[in-house]
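Structure first, then comments.
The values are calculated or read from the model by the stated rules, or taken from the named source; none is laboratory data. The structure displayed is predicted, hence computed values, not measured ones. Here the Cβ positions follow ideal geometry from the backbone for every residue, glycine too, while neighbour counts run over all protein chains shown. Quick note on the areas: whole protein, heavy atoms, side chains included, nothing else; ligands and nucleic acids left out. Shrake-Rupley method; radii C 1.70, N 1.55, O 1.52, S 1.80 Å.
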Number of protein chains: 2
Amino acid sequence: MLTDRQLFILQAIIDNYIQSAEPIGSRSISKSEGISYSPATIRNEMADLEELGYLEKPHSSSGRIPSEKGYRHYVDHMLLPHRLSEKEIKNVKSLFAEKVMETEEVVKQSATILSSLTSYASIVLGPEIFESKLKQIQIIPLNMRAAVAILVTDTGHVENHTVTLPESLDGSDLEKITNILNDRLEGVPLYKLQEEIYKEVAGLLKRHVSSFHDALRFTLDTLQKSKHEKVFYGGKTNLLSQPEFKDIDKVKSIFELLEQDDTVHDLLKPDQDGLVIKIGQENDYEAFEDCSIISAAYTFDGKPVGTVGIVGPTRMEYPRVIGLIQLLSDGLSDTLTNLYNNGK
Amino acid sequence: MLTDRQLFILQAIIDNYIQSAEPIGSRSISKSEGISYSPATIRNEMADLEELGYLEKPHSSSGRIPSEKGYRHYVDHMLLPHRLSEKEIKNVKSLFAEKVMETEEVVKQSATILSSLTSYASIVLGPEIFESKLKQIQIIPLNMRAAVAILVTDTGHVENHTVTLPESLDGSDLEKITNILNDRLEGVPLYKLQEEIYKEVAGLLKRHVSSFHDALRFTLDTLQKSKHEKVFYGGKTNLLSQPEFKDIDKVKSIFELLEQDDTVHDLLKPDQDGLVIKIGQENDYEAFEDCSIISAAYTFDGKPVGTVGIVGPTRMEYPRVIGLIQLLSDGLSDTLTNLYNNGK
DNA sequence: ATTTAGCACTCGTATTAAAAGAGTGCTAAC
DNA sequence: GTTAGCACTCTTTTAATACGAGTGCTAAAT
């Protein structure tokens with residue numbers, strides 16, 4: 001168990017290092033507010049803290065920097081709730097104050113705000129639409145060969161596909177199909193669509209539409225499962241300002257990873273609804289060995305549907321970032337829920 | 001006017017430099033295929049080419065590198081049509097072979113392909129929708145307070161806004177409004193919508209809907225002018241592999257510029273339908289002083305509606321990139337035109 | 001039993017000097 | 001007109017040295 005003095009010193013070192021990115025020496029700690037021991041005493045404590053694994057030295061005669069274990073302890077046990085500045089709060093709140101909002105727009109803006117308020121890169125996963133329920137289907141013919149199929153869900157999500165029209169289907173067939181689909185599929189969660197088409201729709205199509213085969217294929221095309229939810233990034237360039245990423249190869253491998261939406265989605269998928277902090281090697285990718293990732297799910301109707309996250313160096317301003325992410329994810333949850341659930 | 005020998009030497013230097021990124025010395029040119037002069041002779045020619053402004057020296061005793069004027073001359077007068085490899089052609093063609101396509105998806109994929117086939121960053125501006133004509137409007141209520149408004153254009157573009165419902169409008173009002181809009185606005189180009197609303201729609205609303213004021217405001221909200229066309233990026237990270245961008249500050253300023261969609265849009269907006277090549281300082285931004293940008297507009301119905309572009313170092317593989325960009329922009333033009341215009 | 005002053009020691013960084021190497025420009029000969 | 005030869009220039013590499021921040025340890029002070 002760490003003594004109070006050790007905790008104080010650990011805290012001082014981490015806070016300083018987060019600020020300066022330089023190894024911290026005993027002298028500077030000894031001079032810091034609230035402590036009155038000589039450098040030699042501090043040195044002894046630092047040696048102990050190193051032995052316990054909370055600190056490390058870049059080389060034998062340098063000052064100390066926090067180890068991953070040090071950061072972990074800091075984050076788990078030593079974090080004082082951080083007061084965000086008026087300006088920060090105002091900034092975030094203003095995002096949610098807008099009256100007319102596209103969900104996607106709000107989510108995208110979240111990424112932008114988050115990165116502009118930190119010097120890190122932000123990632124926001126758009127709301128998962130898998131569970132949301134079909135509200136209405138529209139099929140709008142564009143010309144003889146193509147039509148646009150539009151799906152609207154109860155969460156205001158609009159999904160559209162351009163589909164080619166089989167020659168065998170004429171305008172009245174389309175109308176019939178649309179009616180059948182709207183009649184049978186309203187309220188069905190998107191992930192069940194395919195199943196329901198076979199179960200509920202196929203029979204009706206056979207009865208009412210002449211070229212059944214084309215009609216069914218067309219229907220399946222139209223309602224094909226939509227892709228992953230979108231991933232929005234903000235301020236990747238910020239990472240280039242961090243001294244730990246002055247090595248271009250390191251940045252490159254990070255950026256390459258961040259260009260793979262699938263991987264990123266995997267990394268952040270909202271499986272928990274609390275705050276997740278991954279420090280350095282706790283991340284599963286080698287490219288992130290010098291990074292920390294802080295993320296929080298936001299919810300709709302109580303269920304986690306998306307994620308707000310920050311990627312930065314392990315030397316991250318944890319308290320502030322955590323505050324911001326919580327503010328933002330709460331805001332997103334409220335916004336979604338208010339907008340689409342209240343009117344129920 | 002340059003002699004044949006000077007042209008040959010200039011060509012050799014540029015080709016070599018594009019390959020190696022190292023200043024080229026007289027000896028290596030002298031040894032290259034197709035020339036049989038001694039290094040000393042080459043040196044004399046190189047000195048002349050330098051005096052004429054086509055070459056420059058990083059320092060007084062180094063080999064030569066092409067100047068911007070050199071590249072310009074190369075691009076304008078010396079470019080042999082480049083044969084793309086089978087693989088490249090197949091790769092691009094496969095993109096356009098798909099049957100069911102979302103315009104947006106194709107455009108996005110274009111950016112990805114373009115960057116994967118080059119070691120540069122690609123930018124693709126989505127098709128301009130300003131001129132396209134309204135096909136249909138749908139307003140779908142989600143709950144008591146919100147509705148989704150969907151605009152479909154004749155080019156298959158789908159635009160949707162979430163709008164809040166004024167309390168004074170009930171379901172039958174919405175239906176009336178939708179009918180009026182579809183009746184009066186079909187075929188109107190998007191940029192004229194606002195004008196037409198005042199001219200054609202306002203009067204009808206006044207006559208048929210009780211709370212005229214809310215209805216008009218709602219209508220305007222619904223059809224609010226949509227944002228800029230989308231900008232898709234691919235392979236920004238590629239730039240980090242280029243030796244000229246090993247300086248992190250340079251990369252940073254480039255990336256910062258590339259994060260501003262507005263600026264990028266401005267830079268590439270499809271004002272000409274030919275190929276545009278901007279070399280180094282010909283670009284208006286300081287961040288691009290070591291970059292070249294090659295772009296080509298793609299067309300719909302004969303009019304330029306979007307742009308395909310590549311950002312790389314001035315030392316760019318011009319012939320290959322030009323070939324690729326032309327292939328791709330032609331492909332996009334064909335695809336758009338076939339898909340949405342043929343059926344007319 | 002803590003704490004601290006003192007001091008030798010370590011190791012990274014900056015500085016300088018010297019050497020190596022690639023390539024040029026010029027002159028004079030071919 | 002072409003080329004061999006050579007001195008010269010300028011960058012890059014390597015080595016040697018000095019500097020300095022910070023440590024660890026010991027012995028004295030509290």
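Taking the stretch A:197-225 as the range and being touching a Leu at 6+ places or on another chain (Cβ under 6 Å) and closer than 20 Å to A:ILE129 by Cα as the test, only A:LEU223 passes.
Apart from one condition, A:PHE232 fits all of (1) in contact with a Gly (Cβ under 8 Å, 6 or more places away or on another chain); (2) in contact (Cβ under 8 Å) with a residue 12 or more places away in the chain; (3) more than 14 Å from every other protein chain (Cβ to nearest Cβ); the exception is (3).
Pairing each residue of the stretch A:1-17 that is more than 14 Å from A:GLY53 (Cα to Cα) with any residue that is open to solvent by 50 Å² or more (accessible area, probe 1.4 Å) and of a type in the set (S, T, N, Q), provided the two are 6+ apart or on different chains, yields C-beta distances under 9 Å for A:ALA12/A:SER28; A:ASN16/A:SER28.
Residues in the stretch B:245-262 that are in contact (Cβ under 8 Å) with a residue 12 or more places away in the chain and open to solvent by less than 40 Å² (accessible area, probe 1.4 Å): B:PHE245, B:VAL251, B:ILE254, B:PHE255, B:LEU257, B:LEU258. Put simply, of B:TYR285, B:TYR318 the only residue that is buried (at least 22 other Cβ atoms within 10 Å of the Cβ) and more than 14 Å from chain A (Cβ to nearest Cβ) is B:TYR318. The strands (runs of 3 or more DSSP E) found wholly in the stretch B:259-327 and carrying at least 1 residues that are touching a helix residue (DSSP H, G or I) at 6+ places or on another chain (Cβ under 8 Å) and of a type in the set (Ser, Thr, Tyr) occupy B:291-300, B:303-313. Being outside any helix (DSSP H, G or I), under 37 Å from the mean Cα position of the chain (by Cα) and not charged (D, E, K, R) is a property that A:ILE129 has. Search the stretch B:263-273 for residues being surrounded by fewer than 20 Cβ atoms within 10 Å (Cβ to Cβ) and not β-branched (Val, Ile, Thr), and hand back the single one that is nearest to the other protein chains (Cβ to nearest Cβ). Only one residue fits best here, namely B:HIS265.
Taking the condition assigned by TED's automatic domain parsing to the domain that holds A:VAL276, closer than 26 Å to B:LEU151 by Cβ and hydrophobic (A, V, I, L, M, F, W, C), does A:ALA111 pass? When the stated conditions are applied, A:ALA111 passes them. Within the stretch A:161-178, the residues that satisfy the criterion of being open to solvent by less than 50 Å² (accessible area, probe 1.4 Å) and assigned to a helix (DSSP H, G or I) are A:ASP173, A:LEU174, A:ILE177, A:THR178. Residue count for the stretch B:124-141 under the criterion of being closer than 26 Å to B:VAL107 by Cβ and open to solvent by less than 20 Å² (accessible area, probe 1.4 Å): the result is 7.
For first residues located in the stretch A:42-64 and away from chain B (no Cβ under 14 Å), partners that are more than 6 Å from DNA strand D (Cβ to nearest atom) and open to solvent by 80 Å² or more (accessible area, probe 1.4 Å) and lie 6+ apart or on another chain with Cβ distances below 6 Å form the pairs A:GLY53/A:LYS69; A:TYR54/A:LYS69.
Among the residues of the stretch B:98-146, the ones that are facing chain A (nearest Cβ under 7 Å) and in contact with a Lys or Arg (Cβ under 8 Å, 6 or more places away or on another chain) come to 3 in all. Among the conditions (1) modelled with pLDDT of 90 or more; (2) part of a helix (DSSP H, G or I), A:GLY187 misses just one, which is (2). Restricting attention to the stretch B:190-219, and to residues there that are open to solvent by less than 20 Å² (accessible area, probe 1.4 Å) and not aliphatic (A, V, I, L, M), which single residue is nearest to the chain's Cα centre (by Cα)? It comes out as B:THR219.
For the stretch A:81-103, a tally of residues being open to solvent by less than 80 Å² (accessible area, probe 1.4 Å) and at pLDDT below 85 returns 4.
Among the residues of the stretch A:14-26, those identified as open to solvent by less than 40 Å² (accessible area, probe 1.4 Å) and near DNA strand D (Cβ under 9 Å from one of its atoms) are A:ILE24, A:GLY25, A:SER26. Among the residues of the stretch B:142-160, is there at least one that is assigned to a helix (DSSP H, G or I) and loosely packed, with under 15 Cβ neighbours inside 10 Å? No, that holds for no residue.
Annotation: of all residues in the stretch A:27-48 being closer than 20 Å to A:ARG315 by Cβ and open to solvent by less than 20 Å² (accessible area, probe 1.4 Å), the one that is farthest from DNA strand D (Cβ to nearest atom) is A:ILE29.
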